[in-house]
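The numbers here are math on the coordinates, done by the rules we state, and not lab data. Given the structure is predicted, the values throughout are model-derived calculations rather than measurements. Don't worry about glycine lacking a Cβ; one is built from the backbone with ideal geometry, like all the others, and counts go over all protein chains shown.
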Amino acid sequence: MASQSKQTNYLIGGIIAALALWGIYLAIGSYLGMGEKTRQFDIRRGLIVAGCMATFLLFWGALLWNRQRNLPSDDE
């Protein structure tokens, strides 16, 4: 059972890392504004995207932490 839990933790960690990288990619893209008429470097747009992704990941992490805390341990 511990092996399955370890694999699950690696999978969830990979998903979280991929989402964080995707959020960084989107934040950079929104900061650069690659459109023809929107070529303005505005840090606020990137910060909004990065903040939303960080909020989502923190909320999801809190839910996972709460679930892990409430699961019965293998020792019992």
* Once the dipole of region 2-70 is set up with Lys and Arg at +1 and Asp and Glu at -1 on Cβ about the Cα centre, which of GLY14, GLN68, PHE41 lies farthest towards its positive end? -> GLN68
* Take MET34, MET53 and order them by how many other Cβ atoms sit within 10 Å, fewest up front. => MET34, MET53
* Size of region 2-70 as Cα extents on the principal axes (Å, biggest first) -> 54, 19, 11
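Please tell me the relative contact order of region 2-70 in percent, rounded to the nearest whole number, where contacts are Cα pairs under 8 Å and at least six residues apart. Mind showing how you got there, number by number?
Values: 37 pairs, mean separation 19.0, N = 69.
Result for region 2-70 is 27 percent.
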